[in-house]
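*Asks:* Okay, here's the structure, questions in a sec.
The values are calculated or read from the model by the stated rules, or taken from the named source; none is laboratory data. Predicted, not measured: the structure shown is a model, and the values here were computed from it. Cβ placement follows ideal geometry from the backbone for every residue including glycine, while neighbour counts extend to all protein chains displayed.
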Amino acid sequence: MQQTAFLEAVSVTKKYKGKKTSGINNVSISIQPGKITAIVGESGSGKTTLLKLLFGLLSPDEGKVSFKGEEIWGPETKLIPGHDDMKMVTQHTDDLNLFATVSENIASLLPNTDLDYKASETTKYLHQLNIHNLKDKRVADLSGGEKQRVAIARALVKKPEVLLLDEPFNQVDASFREGLQQNIRTVVKDTGLTVILVSHDPSEVLSMADELVVIRDGEIVESGRPEELYHQPKMLYTAQLLSNRSILSKDEAKACGIKSDKDTVAISPEHVSLKKGGDWVVQQVLFKGFFEDVLVTKDGIQVRALNTDKGKYAKGDKVQVVIGGFLAY
């Protein structure tokens, strides 16, 4: 007997009329419960469209979206769009009451029949999202990242089975982003919550997701564990999406000492080592915190190296380039 899928889309197509070209075409996807699934792709590739279809904010032109075997109805059928067992948070946090406090925003979604429960649940999610110190502040006085945390806490307090996040960390400062990601992973581990997120930032999805789904021009082109897709992507598109790799033609690769039968070679910065002296020239040194991006050129060929020995190289230096690994397409 075939097991009923948790949340799935089968042969789903959604097209937009007019100038808007993004949509999805004949997409099938099955979301695993209790996991974090990240949908990644270039701007306009259809990521947010797919997310809205899974939630029920949009209706497919063709195909079917279902949750636990029951079809998810879109806005043409359902008065208040969105599945009742799911919550969606976008980067805009439009549903927050700006002039209420953080605590009031979260508590407002809980019934008044048990005030002790209401207070304890509100406190629980204030702590889970690390915003207890903000509980008495008005939302209008918060930063974008703090509002994002409140919006997620407000969604979680209703105990949805699925949390959908559309570019959830755009407004969050880099110093707090990792903490918020960890907060969400902890909630998933403790409660079995299923999370689906859309992101354009590889650093977010690689550190957070259990499963990556790569979408291009409205079609899913690759999926798998983050480690697999980062180290062994099947497509050049995925290789470029997940890392700032140097892309060389076959002839350029040959000039770098790389033998390949394929037309294109992709080299990760961490696979490029530099040594003083040589026929490559340092064109630019970009400070990245604990490391540097060093751009080197030779005969019109440019390669990016990751350098942890900061300050060792300066613009104009002559260096040797040693390439320890590459991908070929």
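*Asks:* On the given criteria, is GLN148 on the phi < 0 side of the Ramachandran plot, in a helix (DSSP H, G or I), surrounded by 22 or more Cβ atoms within 10 Å (Cβ to Cβ) and not hydrophobic (A, V, I, L, M, F, W, C)?
*Replies:* Criteria met by GLN148.
*Asks:* Looking at LYS234, is it under 26 Å from the mean Cα position of the chain (by Cα) and outside any strand (DSSP E or B)?
*Replies:* Considered against the rule, which asks whether it is under 26 Å from the mean Cα position of the chain (by Cα) and outside any strand (DSSP E or B), LYS234 comes out as yes.
*Asks:* While we're on this one: Whether any residue in the range 261-269 is part of a loop (DSSP other than H, G, I, E, B), surrounded by 18 or more Cβ atoms within 10 Å (Cβ to Cβ), at pLDDT 95 or above and of a type in the set (Lys, Arg) is what I want to check.
*Replies:* no
*Asks:* So, one more: Please indicate, with yes or no, whether at least one residue in the range 242-260 is crowded, with 21+ Cβ neighbours inside 10 Å, part of a strand (DSSP E or B) and not basic (Lys, Arg).
*Replies:* Yes, there is a match, as at least one residue in the range 242-260 is crowded, with 21+ Cβ neighbours inside 10 Å, part of a strand (DSSP E or B) and not basic (Lys, Arg).
*Asks:* Find the residue count for the range 112-123, including only residues that are out of contact with any helix residue (DSSP H, G or I) (no Cβ under 7 Å at 6 or more places or on another chain) and touching a residue at least 24 places away in the same chain (Cβ under 8 Å).
*Replies:* Total satisfying the criteria: 1.
*Asks:* Would you confirm, using the coordinates I've provided, whether ALA328 is in contact with a Lys or Arg (Cβ under 8 Å, 6 or more places away or on another chain) and at pLDDT below 95?
*Replies:* no
*Asks:* Would you say ASP201 is out of contact with any Ser or Thr (no Cβ under 6 Å at 6 or more places or on another chain), outside the structural domain of GLY46 (by TED's automatic domain parsing) and acidic (Asp, Glu)?
*Replies:* Judged against the criteria, ASP201 is not a match.
*Asks:* Here are some conditions: (1) at pLDDT 95 or above; (2) in contact with a Gly (Cβ under 7 Å, 6 or more places away or on another chain); (3) farther than 21 Å from THR186 by Cα. GLY34 meets all but one. Which one does it not meet?
*Replies:* Going through (1) at pLDDT 95 or above; (2) in contact with a Gly (Cβ under 7 Å, 6 or more places away or on another chain); (3) farther than 21 Å from THR186 by Cα one by one, GLY34 breaks only (3).
*Asks:* Does any residue of the range 88-105 turn out to be out of contact with any strand residue (DSSP E or B) (no Cβ under 8 Å at 6 or more places or on another chain), closer than 30 Å to LEU241 by Cα and without any contact (Cβ under 8 Å) to a residue 12 or more places away in the chain?
*Replies:* Yes, that holds for at least one residue.
*Asks:* Say whether the condition of being aliphatic (A, V, I, L, M), farther than 30 Å from SER28 by Cα, surrounded by 12 or more Cβ atoms within 10 Å (Cβ to Cβ) and in the same structural domain as SER28 (by TED's automatic domain parsing) is met by at least one residue in the range 84-99.
*Replies:* Yes, the range 84-99 has at least one match.
*Asks:* Does ASP95 fit the bill of being acidic (Asp, Glu) and out of contact with any Lys or Arg (no Cβ under 8 Å at 6 or more places or on another chain)?
*Replies:* No: the conditions fail for ASP95.
*Asks:* Could you tell me whether any residue of the range 128-147 is modelled with pLDDT under 95, within 17 Å of THR186 (Cα to Cα), among the charged types (D, E, K, R) and in contact with a Phe, Trp or Tyr (Cβ under 9 Å, 6 or more places away or on another chain)?
*Replies:* No; the residues of the range 128-147 include none that is modelled with pLDDT under 95, within 17 Å of THR186 (Cα to Cα), among the charged types (D, E, K, R) and in contact with a Phe, Trp or Tyr (Cβ under 9 Å, 6 or more places away or on another chain).
*Asks:* I'd like to verify a number: residues in the range 11-51 that are aliphatic (A, V, I, L, M) and more than 24 Å from LEU193 (Cβ to Cβ), how many?
*Replies:* Of the residues in that region, 1 qualify.
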